[in-house]
Amino acid sequence: MSTNSNSIPSHATIYDFDVVVVGAGHAGTEAAAAAARLGARVALLTGNLDTVGQMSCNPAIGGVAKGQIVREIDALGGLMGQVIDETGIQFRLLNRRKGPAMHSPRAQADKKAYQQAIKTSIEYYPGISLIQELVEDLEVEDLPSGRIQAEESIVPPATEQTQPGFRKHRIRGVIVRGGACYRAPAVVLTTGTFLQAIMHTGEAKTAGGRAGEGTTQGISGALARLGIQLSRFKTGTPPRLNAKTIDFAATELQPGDDDPQPFSYLTESITQSQIPCYITYTNESVHALIRENLHRAPMYSGQINSTGPRYCPSIEDKVVRFADKDRHQLFLEPEGPRTAEIYVNGISTSLPRDVQDAILKLIPGLERAEIMRYGYAVEYDFSPPDQLLPNLETKLVEGLFLAGQINGTTGYEEAGSQGLLAGVNACLKIKGQEPLVLSRDAAYMGVLIDDLVTRGVDEPYRMFTSRAEYRLLLRQDNADRRLTRLGYELGLVDYDRFQRLEIKEREIGAAKAQLDAGRVDEASGTKYLRRSEVSWDEICGHIPELRSYSREVADQVLWDIRYEGYVNRQQLQVARQQRMSEKRIPLSFDFQAIRGLRNEAKQKLTKIRPLSLDQASRISGITPADIALVLAHLS
Ligand code: FAD
């Protein structure tokens, strides 16, 4: 039951905090840490202390666009970057041969060590109480009937108007199994794949959000009773194999980089030795076997109806959707140096066990492989994220924030970044301060959240570089230059980290001045360096003082100079967009009252409640003519 305070039993134990975070996965741990950095007293409640920061699926952090997000989390003082630097077993910078906007760091993790390191960081984090509790219900109180609470920070004043059906409740806390109550004016839900979750392997179905774990029942009901809609998605995971039963000689070796690059701006270098991965392939016989057994795959037998991640398809999906391909690449990824478990990236499946066994027998190197954990798919409830404001607070329940897979995303990095911003905003909310909403030109995190709250999702959302219109600005190498100052001003980032940035900026400035002053072939060093064939080492030959700068500083100088023209063009577009985003729309704005506005536009605008003209223009199906009418009405 969504309880209001008078139905809590009088004998219930009540604990008081500033912020309660539910779930200690990737979103929850970043949320708790961020809120604590801003000075909140945080209760981080999670169903099982042994799975804090657990990687449910692949033992890796980063990748294309995701690596950029990890760098942003780090630039704002988050956990993920430093922990993967400590526990990574193979580091690679993907897309090295492409331009810097596409460079994406990725690392295999020692999965158990990663999970333990996140847990230890949280245990010792000042301001966080990490407690094993299963949350079963939400406690809310009623707001005076139909009154819009003026979000002074988001909405201009004088917005307390009557608008039935909008924001009737305010969060008070959560109720855990056994009846105790954790109270706080802000609650962040980060329950991942656990809401009413069902796991499928062939015809077999079991309740649970992750192999070996249970499911969460109460929260879905509580959200639904508060008017928050839920929908279902599915995701899947591949089998894990025992390394001693794999013939690695029949596979291709995939080593890490010779010069592993850290994720965190605080890590000087990666010193641990790296472990190789291996590559093998499916073949026509595997595909034929899968086709013969499709009727036993839950996605095809009708046992699962929900949508899965299009860009991370199961092997049965790949065989059907890419029928002309005669093979698919599989990466054999060690789950750590102290375990024999090998994750088979590329063969996520919910086919029955006997089919999984039979498939492996047909794959080079895996003919005698023993499965230690069978692949499975999981179906779970999520809350369509267009029900959130840009600070990740639900539109219907004041003080209730959602982050991570519960918002219809997939991936640790997407979850971690939402967690961080939800934690920050929960804290800013209780302090009565302006929310932190990152713009699309400031961070991939900004793109992610804007996409979620403005467009919603119709399949599990993962980040791609193509989702960012300003990707030349949003590079993995400059996340600190984009975000750390802001983090410092907010109190999210400590002085040491900020000082490192200041020193780096000073060195970048000094190197640029030396390039301007230096002469090469009658031209300035700056002009000479603009030529695409000139390397940093070559320019150092002409201007030897430049040799004293670190690789990190040299890269910034090189890219700043070489991409200056493109960056300036993107900055102009940003400035145009900025003017639109300055046109604020009050939360209480009545789109229904705009004469001449199409009904479809009225419905969409009323549902999303954009907070600026710029956000309104990005809602799918909203035309420039609709925007002109809204602008006229606003004026
Ligand atoms: P989670 O990491 O799931 O953490 C949720 C936390 O909440 C857990 O600690 C849980 O114990 C806790 N919790 C839940 N309910 C309660 C409650 N009532 N009270 C207290 N605590 C609670 N991502 C990809 O990018 N690619 C993939 O291919 C992929 N495949 C996946 C396959 C499977 C089978 C699963 C389970 C996940 C997969 N993921 C994949 C998703 C990835 O694991 C998630 O995106 C990521 O873990 C989400 O982080 P989160 O913090 O939102 O949730």
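The values are calculated or read from the model by the stated rules, or taken from the named source; none is laboratory data. Predicted model, so just to flag it, every value in this text is computed and none were measured. Positions of Cβ are generated from backbone atoms using ideal geometry, with glycine treated the same way; all protein chains shown enter the neighbour counts.
Screening Val457 against (1) free of Cβ contacts under 8 Å to residues at least 40 places away in the same chain; (2) in a loop (DSSP other than H, G, I, E, B); (3) β-branched (Val, Ile, Thr) leaves a single unmet condition, (1). The strands (runs of 3 or more DSSP E) located wholly in segment 330-433 that include 1 or more residues which are modelled with pLDDT under 95 and either of a type in the set (A, V, I, L, M) or farther than 16 Å from Leu241 by Cβ (or both) occupy 376-382.
On inspection, Arg497 fails the criterion of being in a helix (DSSP H, G or I), away from the ligand (no atom under 16 Å from the Cβ) and surrounded by fewer than 19 Cβ atoms within 10 Å (Cβ to Cβ). The single condition among (1) exposed (fewer than 12 other Cβ atoms within 10 Å of the Cβ); (2) under 34 Å from the mean Cα position of the chain (by Cα); (3) free of Cβ contacts under 8 Å to residues at least 12 places away in the same chain that Ser620 does not satisfy is (3). Here the condition is being of a type outside the set (Asp, Glu) and either under 23 Å from Glu434 (Cα atoms) or modelled with pLDDT of 90 or more (or both); of Leu631, Leu611, it holds for Leu611 alone.
Answer yes or no: is there a residue in segment 307-324 that is of a type in the set (Lys, Arg) and crowded, with 18+ Cβ neighbours inside 10 Å. Checked segment 307-324: at least one residue is of a type in the set (Lys, Arg) and crowded, with 18+ Cβ neighbours inside 10 Å.
Among the conditions (1) part of a helix (DSSP H, G or I); (2) over 29 Å from the mean Cα position of the chain (by Cα), Val534 misses just one, which is (1).
Only residues that are more than 11 Å from the ligand (Cβ to nearest atom) and in contact with a Leu (Cβ under 6 Å, 6 or more places away or on another chain) were counted across segment 170-201, and they come to 3. Just so you know, in segment 264-308 the residues that are more than 19 Å from His200 (Cβ to Cβ) and β-branched (Val, Ile, Thr) include one that is nearest to the chain's Cα centre (by Cα), and it is Thr267.
Looking only at residues of segment 583-612 that are touching a strand residue (DSSP E or B) at 6+ places or on another chain (Cβ under 8 Å) and among the hydrophobic types (A, V, I, L, M, F, W, C), we find that the one that is surrounded by the most Cβ atoms within 10 Å (Cβ to Cβ) is Leu611. Taking each residue of segment 410-429 that is over 15 Å from Thr394 (Cα atoms) and looking for partners that are more than 8 Å from the ligand (Cβ to nearest atom) and among the acidic types (Asp, Glu) with beta-carbon atoms closer than 6 Å, six or more apart or interchain, yields Gly416/Glu30; Leu420/Glu30. Scanning segment 34-56 for residues that are within 7 Å of the ligand (Cβ to nearest atom) and at positive phi yields nothing. When segment 210-225 is limited to residues that are near the ligand (Cβ under 8 Å from one of its atoms) and assigned to a helix (DSSP H, G or I), the one that is surrounded by the fewest Cβ atoms within 10 Å (Cβ to Cβ) turns out to be Gly218.
Table: residues versus (1) more than 16 Å from the ligand (Cβ to nearest atom); (2) of a type outside the set (D, E, K, R); (3) under 19 Å from Leu189 (Cβ atoms).
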{"position": "Ser10", "(1), (2), (3)": "yes, yes, no"}
{"position": "Gly25", "(1), (2), (3)": "no, yes, yes"}
{"position": "Thr29", "(1), (2), (3)": "no, yes, yes"}
{"position": "Ala32", "(1), (2), (3)": "no, yes, yes"}
{"position": "Val70", "(1), (2), (3)": "no, yes, no"}
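If only residues of segment 234-253 that are modelled with pLDDT of 95 or more and part of a strand (DSSP E or B) are counted, the one that is nearest to Glu379 (Cα to Cα) is Arg240. If you check Leu486, Leu473, Leu452 for being surrounded by fewer than 22 Cβ atoms within 10 Å (Cβ to Cβ) and assigned to a helix (DSSP H, G or I), only one passes: Leu486.
Answer yes or no as to whether Val83 is under 22 Å from the mean Cα position of the chain (by Cα), within 18 Å of Leu420 (Cβ to Cβ), without any contact (Cβ under 8 Å) to a residue 40 or more places away in the chain and not in a loop (DSSP other than H, G, I, E, B). So Val83 passes the test. Tyr566 meets all of the listed conditions (1) buried (at least 18 other Cβ atoms within 10 Å of the Cβ); (2) within 18 Å of His103 (Cβ to Cβ); (3) touching a residue at least 60 places away in the same chain (Cβ under 8 Å) but one, namely (1).
Condition check: buried (at least 24 other Cβ atoms within 10 Å of the Cβ) and under 16 Å from the mean Cα position of the chain (by Cα). Does Gln68 satisfy that? Judged against the criteria, Gln68 is a match. On inspection, Gly77 passes the criterion of being buried (at least 23 other Cβ atoms within 10 Å of the Cβ), in a loop (DSSP other than H, G, I, E, B) and among the small types (Gly, Ala, Ser).
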